[in-house]
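This report concerns only the one structure given below.
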Amino acid sequence: MTALKAHEVQRFLTRPDLTEGIFLAYGPDGGLVRETAQRLIRFLAGDDIASADIIIFDGPELEAEPGRLITEARSGSLFGGKRILRVRSASKSLVMPLTELRDDPGGTAIVLEAGNLAPRDALRALVEAAKLGRALPCYPDTDETLSNLMRETFNQAGIRIDADVIPTLREILGNDREITRRELEKLSFFAASTKTLTREDVLTLCADNGALAIDAILDATGGGHAEKLELALNRALTSAVNPQQLLAMLTGHFANLRRWRVEVDAGKSPRAVLDAVKPKPHFSRIGQLEQQLRLWSDAALAQASERLLQATSDTRRKPALATAILHRTTLALCMMAATH
């Protein structure tokens, strides 16, 4: 009986101890399940993957004709290479033919892909109990494993990355291995000639344009940077961000500044105040937020908040003018910051 732990799967894939039998990649991370199956097949196919006889099935198509799996497994290779059967969306409906094959697969490797299976699931139990069976659990990556994957990918491509590239990617990407791989391939292709990658490159290529523009609007408005504000507004509106949503974000931003300003007036430094904020703002914004806390007094922040509330009310009464009201209000606040 061989039931691998999730942390043992990567080591197993570098040198599987079987070349025939039933291999089951399963788990809630569909991207990692597919990647695990692909890596295993590449190893099993050997140096000449073109000569391997790889046949791909979808689980549902075998449900109506389960005996076909047995027939295919015991047929000879058409090209003289390794015979590999890959079954996507495998389920317990395959238990009967797999039971017949588990002790004598005829030299064939059967690679199954499945979703999250409970320990008592019939398919998982069969593979784990089989002498020629290996079950490979694929659970969502941790921060550590994803960070290691990113570093390994860039190192192999000979790409030098800035210190904030990995933290930025971790914030942007989820835990799906397939999505992560796709984004890493895109970044590696982008940096193939320069062999360097910066945080700005990552934000441009991977992050949501609307979300990035919102942060830029908040900081340009609060910091008094009119040119940056205009660029960020155009970017956000082009990305179909609602003007009323932007006003709501600005209202929240200035409310935060006012709350933090109270602590600054009580004697704390802007950096100390920001270090204590939960959740902590992204490190790339800390300097800009410090500057805003120094620019705005409590009275000025109260005035700015009133102006934003009035603008929000105006957009509700005259939604057709929402974009114009947004432009007028943010520019006025930007000018207030610039004159402090």
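Just a few scattered comments:
- Gly158 meets the conditions (1) modelled with pLDDT of 90 or more; (2) assigned to a helix (DSSP H, G or I); (3) farther than 28 Å from Leu295 by Cβ in every case but one. The failed one is (2).
- Here Leu205 meets each of (1) touching a residue at least 24 places away in the same chain (Cβ under 8 Å); (2) touching a Leu at 6+ places or on another chain (Cβ under 7 Å) with one exception, condition (1).
- Sole residue being surrounded by 19 or more Cβ atoms within 10 Å (Cβ to Cβ), in a helix (DSSP H, G or I), in contact with a helix residue (DSSP H, G or I) (Cβ under 7 Å, 6 or more places away or on another chain) and modelled with pLDDT of 90 or more, chosen from Leu69, Leu85: Leu69
- Screening the candidates Leu237, Leu184, Leu274, Leu229 for the property of being surrounded by 13 or more Cβ atoms within 10 Å (Cβ to Cβ), touching a residue at least 40 places away in the same chain (Cβ under 8 Å) and touching a Leu at 6+ places or on another chain (Cβ under 8 Å) yields one hit, Leu229.
- Subset of the range 14-39 [aliphatic (A, V, I, L, M) and under 23 Å from the mean Cα position of the chain (by Cα)]: Ala25, Leu32, Val33, Ala37
- The sole residue among Asp48, Asp53 that is farther than 25 Å from Ile179 by Cα, more than 27 Å from the chain's Cα centre (by Cα) and either surrounded by 14 or more Cβ atoms within 10 Å (Cβ to Cβ) or not assigned by TED's automatic domain parsing to the domain that holds Gly133 (or both) is Asp53.
Quick grid of which residues meet (1) at positive phi; (2) out of contact with any Phe, Trp or Tyr (no Cβ under 9 Å at 6 or more places or on another chain); (3) outside the structural domain of Ala90 (by TED's automatic domain parsing):
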residue: Glu113; (1), (2), (3): no, no, no
residue: Ser147; (1), (2), (3): no, yes, yes
residue: Glu183; (1), (2), (3): no, yes, yes
residue: Leu197; (1), (2), (3): no, no, yes
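- Qualifying position, being outside any helix (DSSP H, G or I), surrounded by fewer than 22 Cβ atoms within 10 Å (Cβ to Cβ) and not acidic (Asp, Glu), among Arg151, Arg120, Arg170: Arg120
- Being of a type in the set (S, T, N, Q), within 16 Å of Gly223 (Cβ to Cβ) and in contact with a helix residue (DSSP H, G or I) (Cβ under 7 Å, 6 or more places away or on another chain) is not true of Gln244.
- Scanning the range 56-81 for residues that are in contact with an Asp or Glu (Cβ under 7 Å, 6 or more places away or on another chain) and farther than 23 Å from Arg124 by Cβ yields Ser77, Leu78, Phe79, Gly81.
- Qualifying residue in the range 313-333 (condition: within 17 Å of Ala232 (Cβ to Cβ) and not in a helix (DSSP H, G or I)): no
- The residues on offer are Ser193, Ser188, and the sole one that is of a type outside the set (Lys, Arg), part of a helix (DSSP H, G or I) and either at pLDDT 75 or above or not assigned by TED's automatic domain parsing to the domain that holds Leu295 (or both) is Ser188.
- Residue list for the range 14-45, filter: without any contact (Cβ under 8 Å) to a residue 60 or more places away in the chain and either of a type outside the set (D, E, K, R) or surrounded by 14 or more Cβ atoms within 10 Å (Cβ to Cβ) (or both): Thr14, Gln38, Arg39, Phe43, Ala45
The values are calculated or read from the model by the stated rules, or taken from the named source; none is laboratory data. Not measured: the values here are computed from a predicted model. All Cβ positions, even for glycine, are placed from backbone atoms using ideal geometry, and neighbour counts span all protein chains on display.
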